[in-house]
Amino acid sequence: MGRATALERLARGDRVTVIGSSEAKGRALLSQAGNPNLRFLRADLSSIAEVERVVADIVEHHDAVDALALFANRVNPKRIETVDGLESSFALYYLSRYLLGSLLSPLLNAAPAPVVINIAGVGNTAGGIIWEDVQLTRKYGQVRAQLQGGRANDLLGVAFAAQAENKARYVLYHPGFTRSGVDGYPNPVIRRVLKLLAAVFARPVPDAVRPIVEWIDHPPPDPLSAIDRGKPVDKSLKTLNRADAMRLAAYTEDLLHRLRRPGSPDR
Ligand SMILES: NC(=O)c1ccc[n+]([C@@H]2O[C@H](COP(=O)([O-])OP(=O)(O)OC[C@H]3O[C@@H](n4cnc5c(N)ncnc54)[C@H](OP(=O)(O)O)[C@@H]3O)[C@@H](O)[C@H]2O)c1
């Protein structure tokens with residue numbers, strides 16, 4: 001979905017920076033696009049230092065950012081710890097999005113009508129933040145980790161939009177089952193089954209990304225929008241609870257503070 005959005009925005013004349021962990025996929029995209037307005041930055045966004053490095057690169061090359069579209073995610077059957085000692089779904093699916101939004105906020109604020117679009121699973125009420133063990137050290141499961149990441153992104157949108165200094169409109173977007181991302185599943189049997197299901201039931205990628213492409217030209221007026229497959233999500237839903245959003249933001253700030261302090265025992 002990220003690639004399709006990038007290509008569509010390039011066709012509309014934007015300057016686009018794409019971030020991904022695969023050099024080969026990045027190179028393939030650059031040659032497919034054949035457009036000098038596209039830059040590819042290779043980075044492992046599950047690493048805090050790598051997120052900070054790409055942000056520094058963007059700051060060096062741009063005075064303003066009109067749109068930040070957040071797609072990166074990867075499903076891991078087994079618990080993986082990142083270089084920062086964090087559970088990888090938390091680090092990639094949620095924390096990288098938290099950091100990109102906050103570190104790029106000065107450049108977003110410098111744009112005339114900035115928008116952040118967080119592509120996850122808003123509207124889904126399954127799962128939640130496992131407050132007593134956010135890093136899932138005791139009972140890891142890929143579905144549990146993905147659902148926690150999804151609910152964390154819901155709360156991230158609420159917390160971002162609550163900050164008066166953020167000019168960017170925040171859009172939480174659930175694209176629904178889409179014909180993308182299947183190749184990322186490590187288990188070949190699950191991959192094959194998902195491919196078959198996707199061929200019959202999933203939305204084509206251009207349909208799923210169409211609203212994303214349009215929001216970049218026309219951000220919604222509200223500080224926070226939540227759209228699940230074309231329909232607005234009720235913002236009084238428990239997954240968009242403001243107190244939980246503030247609690248997660250405080251947990252995240254505290255975590256980052258401890259991880260950035262040299263020699264500190266983390267978590
Ligand atoms: N597809 C669906 O049915 C569906 C439904 C609901 C929600 N969503 C959500 O929509 C978003 C986009 O999904 P998609 O279907 O487009 O998935 P996708 O094709 O697997 O895209 C995910 C992207 O994340 C990048 N990525 C993975 N690990 C990374 C890392 N460590 N550092 C930097 N980039 C990394 C991958 O690029 P590299 O390989 O280059 O790293 C890939 O381009 C995800 O958040 C997903 O959960 C998808």
Which one is farthest from R12 (Cα to Cα) among residues in the stretch 177-212 that are in a loop (DSSP other than H, G, I, E, B) and more than 8 Å from the ligand (Cβ to nearest atom)? N187
Checking V59 against (1) within 25 Å of Y94 (Cβ to Cβ); (2) within 14 Å of the ligand (Cβ to nearest atom); (3) open to solvent by 70 Å² or more (accessible area, probe 1.4 Å): exactly one of these is not met. Which one? (2)
Report yes if A69 is within 12 Å of the ligand (Cβ to nearest atom) and in contact (Cβ under 8 Å) with a residue 40 or more places away in the chain, otherwise no. yes
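Looking at L7, L45, L41, which one is surrounded by fewer than 18 Cβ atoms within 10 Å (Cβ to Cβ) and within 14 Å of the ligand (Cβ to nearest atom)?
Selected residue: L41, the only one of L7, L45, L41 that is surrounded by fewer than 18 Cβ atoms within 10 Å (Cβ to Cβ) and within 14 Å of the ligand (Cβ to nearest atom).
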Taking the stretch 25-38 and keeping residues open to solvent by 60 Å² or more (accessible area, probe 1.4 Å) and within 9 Å of the ligand (Cβ to nearest atom) leaves K25
Just give me the residues in the stretch 72-107 being in contact with a Lys or Arg (Cβ under 7 Å, 6 or more places away or on another chain) and either away from the ligand (no atom under 15 Å from the Cβ) or not hydrophobic (A, V, I, L, M, F, W, C) (or both), in sequence order. G85, E87
Here is a check on your reading of the model: is E52 open to solvent by 50 Å² or more (accessible area, probe 1.4 Å), closer than 23 Å to P175 by Cβ and among the acidic types (D, E)? no
Within the stretch 131-146, identify whether any single residue is open to solvent by less than 30 Å² (accessible area, probe 1.4 Å), under 30 Å from D222 (Cβ atoms) and free of Cβ contacts under 8 Å to residues at least 60 places away in the same chain, and answer yes or no. no
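Would you call A159 open to solvent by 10 Å² or more (accessible area, probe 1.4 Å), assigned to a loop (DSSP other than H, G, I, E, B) and of a type outside the set (V, I, T)?
No, not satisfied.
In the stretch 15-39, how many are assigned to a loop (DSSP other than H, G, I, E, B) and within 24 Å of H174 (Cα to Cα)? Spell out how you get there, then give the answer.
From the stretch 15-39, those assigned to a loop (DSSP other than H, G, I, E, B) are 15, 21-22, 34-37; that's our starting set.
Checking the rest, the ones that are also within 24 Å of H174 (Cα to Cα) come to 21.
Number satisfying all stated conditions: 1.
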Considering only the stretch 104-114, how many residues are within 14 Å of Q163 (Cα to Cα) and either among the hydroxyl-bearing types (S, T, Y) or open to solvent by 50 Å² or more (accessible area, probe 1.4 Å) (or both)? 3
What number of residues within the stretch 162-176 are within 12 Å of the ligand (Cβ to nearest atom) and part of a loop (DSSP other than H, G, I, E, B)? 2
Specify which of the listed residues (L107, L99) is aliphatic (A, V, I, L, M), under 25 Å from G127 (Cα atoms) and part of a helix (DSSP H, G or I). L99
Yes/no for R74 being in contact with a Leu (Cβ under 9 Å, 6 or more places away or on another chain), crowded, with 17+ Cβ neighbours inside 10 Å and in contact (Cβ under 8 Å) with a residue 60 or more places away in the chain: yes
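The values are calculated or read from the model by the stated rules, or taken from the named source; none is laboratory data. Since the model is a prediction, treat every value here as computed from it, not as a measurement. Here the Cβ is made from the backbone with ideal geometry for all residues, glycine too, and neighbour counts use every protein chain on show. With ligands, DNA and RNA removed, areas are computed over all heavy atoms of the protein, side chains included. Shrake-Rupley method; radii C 1.70, N 1.55, O 1.52, S 1.80 Å.
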